[in-house]
Amino acid sequence: MKRQTMYMRMITGSLLRRRSRMFIALLAVAIGATILSGLVTVYYDIPRQMGQEFRSYGANLILVPSGEEGAFDAAAIEGAMRSVPADDIVGVAPYRYETGKINEQPFLLAGADLAEVRKTSPYWFVSGEWPDADGSALIGQEVADMIRLVPGDRFTLTGTDTAGENFSGDFTVSGVVQTGGDEEGFVFLSSADLDGLMGDGGRIDVVECSISASSDELTDIAARIGEDAPGVSPRLVKRVTESEGAVLTKLKALVWLVTAVVLLLTMITVATTMMAVVAERRREIGLRKALGASDRSIAREFLGEGALLGGCGGLLGSGLGFAFAQLVSMQVFGRPISFQPVLIPATMLASVAITAVACLLPVRSATTVDPAIVLRGE
Amino acid sequence: MNILELNDITKDYGSVKALKNVDMTLSNGEWLAIMGPSGSGKTTMMNIVGCMDKPTSGTVMLDGTNISEVSAKNLTNIRRDKIGLIFQQFHLIGYLTALENIMVAQYYHSMPDEGEALKALERVGLRERAKHLPSQLSGGEQQRVCIARALINYPMLILADEPTGNLDETNEQIVMDIFRQLHRDGSSIIVVTHDPEIAEEAERTVVLEHGKVTRNTKNAVAGSRGGDEKNV
């Protein structure tokens, strides 16, 4: 039999046949590994989760014309959006703003691709339906209150078009929108309807973009658009991007702090358990030394036991950690978390390293045991 | 030829003198008994002879090496290579089988050999108990495993500390038969005992009192008491 085989037999025998004591240590390692694996999973998934979460708070990038004309067209927008990875685009809503009257009351008109508006502003609360056909309009709550319109009512919009001629058009209220902001004073039409009333087409005043990216990535995207798209000036919606960045930084710091505390507690628990193991095995250690074991052999055996314990605890913890991360993700974000296979070996390695460090003091204590205790009968 | 010589050995623990100017020899193949009351210095002497402690003064020559001057690491090596230890409390590792307990001694000495370990168990009549844990063995069986472990590396000197102290009469006889056989095979043995009948089995008895050798006498008939014909 090879020495290595006997070594494995000794350390596995020690763990398997002394289950009650080692179970406590295994439990400590597994709990530590579970928290570690779970929090690291959450840590790496937070930007994605938070990104999706923050997308529900509205656009995070605004494109405005940089030229003197004060407007741009669809081609300029298309050019600008080439700087954004297609997979990261949640929604791009171009707006055209004009003024018009309902019952001789002046209101701001916004012409937009309302399907895209729905993507960039998912937090809007619409009573009724989103417009799904030309001739339908979404009106703000303030407008609805002022002229007493409810979904299904018809109204006439009047005003002056680009050429200076009067226009008039009939629309049906498909829904009333509440946003808690300025939008409640707007009448939202489809771009085609507003262009039709104004007698021209293709004019865009501002574009609201919702992009799934971190604060830093968004800054890079804005910089690229500024360089690559002439006539387009990108502006970050700071209240969204900065809030996202601040929340992410704080969450990540919290995750690291909790992880560090849990690892420290794990280390203390394992060290305490291993100290107890050494104390209760003093005679055995003395015997091994009396049989000729060197200090290095004793250290290797205890570290081997610790490493095996760490590996088993790590394996157990990586599985439980994913379950823990899934639970946290579902409870906090309401979405499942993505599984990272690399976390299994990483958790096992980290657990082995933590256990090995925790074993250093007990191992040192083990090597100081005097072999003569086997004769003294202590 | 002497394999062990203690010359003017003194061992102090602070102000306590555990051994005082002790001289003692053991020739190759000799069976020596050490007797004495508690606190007489028997354990201290066993520790020194067993390479687990060093004397405060004096020289200990084991197989031509002055072990009172070697480093702790070398002392471990000498203990591993030349000494076989048998304990009153057996000191088997509880989570290893009888066979594995013997292989542990091989592991620290050179290379574990399951076949050799099984032969050692057979020699003490326990081959069929090889896979049993110590808790599944009787006291006598545990002591026989302890003896097999002490013999597995063919030590130059067997040191036995009260080997029958925890055994009933039947098991005491079985163990003593093994010692008689070892003696007949030419092993050098030192047995520490309180029991005069066990001491009489040896060729010579050294009596320690208050850290001094007060008697060093040859016994009349050595290794020939009841049951000695039993082949173990």
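Quick note: the coordinates plus some simple rules give every number you see, no bench work behind them. Computed from a predicted model, the values in this text were never measured in an experiment. Here the Cβ is made from the backbone with ideal geometry for all residues, glycine too, and neighbour counts use every protein chain on show.
Taking the average, over residues, of other Cβ atoms within 10 Å as the packing measure, peptides A:359-367, B:156-164 rank B:156-164, A:359-367 from highest down.
Amide H contacts under 5 Å for B:S27: B:I3, restricted to partners 5 or more places along the chain or on a different chain, H placed in the peptide plane at 1.01 Å from N.
Sequence-ordered 3J(HN,Hα) estimates for the stretch B:185-198 from the Karplus curve with 6.51, -1.76 and 1.60 and θ = phi - 60° stand at 6, x, 6, 8, 10, 10, 10, 8, 8, 8, 8, x, 5, 5 Hz, glycine and proline given as x.
Counting, for every residue in B:49-55, the Cβ atoms of other protein chains within 10 Å of its Cβ and taking the mean gives 3.
Applying the Karplus relation 6.51 cos²θ - 1.76 cosθ + 1.60 with θ = phi - 60° to the stretch A:167-177 yields 3J(HN,Hα) values of 10, 8, x, 9, 9, 10, 6, 8, x, 10, 9 Hz, where x marks Gly and Pro. Given R0 = 51 Å, the distance between the Cβ atoms of A:T219 and A:T368 translates into a calculated FRET efficiency of 0.30. For the peptides A:252-262, A:323-333, B:184-194, B:103-113, the ranking by packing is B:103-113, B:184-194, A:323-333, A:252-262, with the highest mean count of neighbouring Cβ atoms within 10 Å listed first.
Between A:D161 and A:S66, full extension at 0.36 nm per residue minus the direct alpha carbon distance yields a gain of 31.8 nm.
Just to be sure I understand: with springs between alpha-carbon atoms less than 10 Å apart, which residue in B:G64, B:G211, B:G36 has the highest mean-square fluctuation in the Gaussian network model of chain B? Taking springs between Cα atoms under 10 Å, the residue moving most is B:G64. Using C-alpha pairs under 8 Å with a sequence gap of at least 6, the mean separation divided by the residue count of the stretch A:1-132 gives a relative contact order of 21 percent. As a rough guide to protection, the peptides B:142-149, B:56-63 ranked by mean Cβ packing within 10 Å, highest first, stand as B:142-149, B:56-63.
One Cα centroid belongs to the stretch B:36-60, the other to the stretch A:283-322; the line between them spans 33 Å.
Per residue, the average separation of C-alpha pairs within less than 8 Å and at least 6 apart gives the stretch A:59-236 a relative contact order of 39 percent. Taking a ≥ b ≥ c as the square roots of the Cα gyration tensor eigenvalues, with a/c under 1.5 meaning rounded and otherwise prolate when a/b beats b/c, else oblate, which class fits the stretch A:175-244? Since a/c reaches 1.5 but b/c is at least a/b, the shape of the stretch A:175-244 is classed as oblate.
Taken residue by residue and averaged, Cβ atoms of other chains lying within 10 Å of the Cβ of A:288-301 number 6.
Between the beta carbons of B:S57 and A:V261, assuming R0 = 60 Å, the FRET efficiency works out to 0.60 to the nearest 0.05. Averaged over the residues of peptide B:95-106, the number of Cβ atoms from other protein chains lying within 10 Å of each residue's Cβ is 4. The 3J(HN,Hα) values that the Karplus relation (6.51, -1.76, 1.60; θ = phi - 60°) gives for the stretch A:276-289 are, in residue order, 5, 4, 4, 4, 7, 10, 4, 5, 5, 5, x, 4, 4, 5 Hz. Gly and Pro appear as x. Could you tell me whether the stretch B:79-164 comes out rounded, prolate or oblate from its Cα gyration tensor? Rule is a ≥ b ≥ c as square roots of the eigenvalues, rounded for a/c under 1.5, then prolate if a/b exceeds b/c, otherwise oblate. Oblate, since a/c reaches 1.5 and b/c is not below a/b.
Provide the net charge surrounding B:N66, with neighbours chosen by a C-beta distance below 11 Å and charges set as Lys +1, Arg +1, Asp -1, Glu -1. Net charge in that neighbourhood comes out at -2.
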